[in-house]
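Reviewing the structure listed below.
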Amino acid sequence: MAPALHPTNQLLNGLSLSFFFFSPVLKKRLVKLVVNFLFYFRTDEAEPIGALLLEHCRISKEEVNVFSISFIEEPDRKYCFECDSEEQCQEWVEALRRASYEFMRRSLIFYRNEIQKMTGKDPLEQYGISEEARFQLGTHKQ
C-alpha cells in the first residue's frame, strides 16, 4: 500500500461511518482525505475498503457532532459521519468543502478577479494561458 493511504498517516481520523442508504447501523471506520477522495478503512486493515469522490456533492451538518455527504446524482443515498466532538465535526466539514476541484476553480476565479482589480492585469497572462482558456475558466457552468 502507498504510504499516503496507510490509515496511520491520516489527515483527519476517528470517525464512525454509517451508510444510511443500506442500513442505519453505525460502523466504525478510519478515514483519510487525499485531495478530493475520502478513503475509508476497517479499523483493523491497512487497505481501504472504499472511497468517495468529493465532486458534485453536498456536505451538510446534521447534528452537533454529525455531518453527511450526499451526491447530486444520488440524492437518496447519504453517508453520515459521527465525530468525537463538535470541533472535530466542524474541522471535517470545512476540510471536505474545500476538497473539490470545483471549490478550487471558484477560488482561482475569485482571486484572479481580485488581482486583476488591484493591478489592472490578468495574473494568468504571465503564465501564457490563452485568452480562450481564461474565458472558459471564468464562464464555466455547472
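Numerical summary
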read-out: Considering residues of segment 93-102 that are in a helix (DSSP H, G or I) and within 9 Å of the chain's Cα centre (by Cα) only, the residue farthest from Ser68 (Cα to Cα); value: Tyr101
read-out: Selection status of Glu86, at pLDDT 90 or above, surrounded by fewer than 13 Cβ atoms within 10 Å (Cβ to Cβ) and among the charged types (D, E, K, R); value: no
read-out: Criterion (under 16 Å from Val35 (Cβ atoms) and in contact with a His (Cβ under 9 Å, 6 or more places away or on another chain)) met by exactly one of Glu102, Glu73; value: Glu102
read-out: Segment 1-44: number of residues that are part of a loop (DSSP other than H, G, I, E, B), at pLDDT 70 or above and aliphatic (A, V, I, L, M); value: 2
read-out: Residues (in contact with a strand residue (DSSP E or B) (Cβ under 7 Å, 6 or more places away or on another chain) and without any contact (Cβ under 8 Å) to a residue 24 or more places away in the chain) located in segment 73-119; value: none
read-out: Single residue of segment 114-142 satisfying the filter (within 27 Å of the chain's Cα centre (by Cα) and modelled with pLDDT of 90 or more) that is nearest to Ser60 (Cα to Cα); value: Glu114
read-out: In segment 89-131, the residues that are surrounded by 11 or more Cβ atoms within 10 Å (Cβ to Cβ) and acidic (Asp, Glu); value: Glu91, Glu94, Glu102, Glu114, Asp122, Glu125
read-out: Number of the condition not met by Ser68 [criteria: (1) part of a helix (DSSP H, G or I); (2) among the small types (Gly, Ala, Ser); (3) touching a Lys or Arg at 6+ places or on another chain (Cβ under 9 Å)]; value: (1)
read-out: Verdict on Glu47 being under 24 Å from Ser107 (Cα atoms), in a loop (DSSP other than H, G, I, E, B) and modelled with pLDDT of 90 or more; value: no
read-out: Hits in segment 52-69 - residues which are touching a residue at least 12 places away in the same chain (Cβ under 8 Å), polar (S, T, N, Q) and in contact with a Phe, Trp or Tyr (Cβ under 7 Å, 6 or more places away or on another chain); value: Ser68
read-out: Enumeration of residues in segment 45-91 that are closer than 16 Å to Phe103 by Cβ and aliphatic (A, V, I, L, M); value: Leu52, Leu53, Leu54, Ile59, Ile69, Ile72
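The values are calculated or read from the model by the stated rules, or taken from the named source; none is laboratory data. Quick caveat: nothing in here was measured; it's all calculated off a predicted structure. Cβ coordinates were reconstructed from backbone atoms using ideal geometry, including for glycine residues, and neighbour counts include every protein chain displayed.
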